[in-house]
1. What are the residues whose amide H is under 5 Å from the amide H of Q15, where those residues sit 5 or more places off or on another chain and H is modelled from the backbone?
2. When the chain is fully extended, how far beyond the present Cα-Cα distance does Y56 get from H30, taking 0.36 nm per residue of separation?
Amino acid sequence: PEEIGVETRGQGNAQRTIRHLLEADRPASHLFLVECITPSGNWSSYPPHKHDTDDYPAETYLEESTTTG
């Protein structure tokens, strides 16, 4: 537990806690693992979006924009 990095991301109803369980500085060839702890009523991503509909390319665009920056 003492090796797990913890950070707070976002503000207001997009605030959440990220725990970096397995990062690039640990031995693994293709694994990246984080835990996102989102308070009730908050969004777990920014910009807020959901994945309960098939909305290509809009949802794909949002996924790419949140992971490349």
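Any read-out appearing in this document is the output of simple, stated calculations on the displayed coordinates, not a laboratory observation. These figures come from a predicted structure and were not determined experimentally.
1. So Q15 has HN proximity to W43.
2. 6.7 nm
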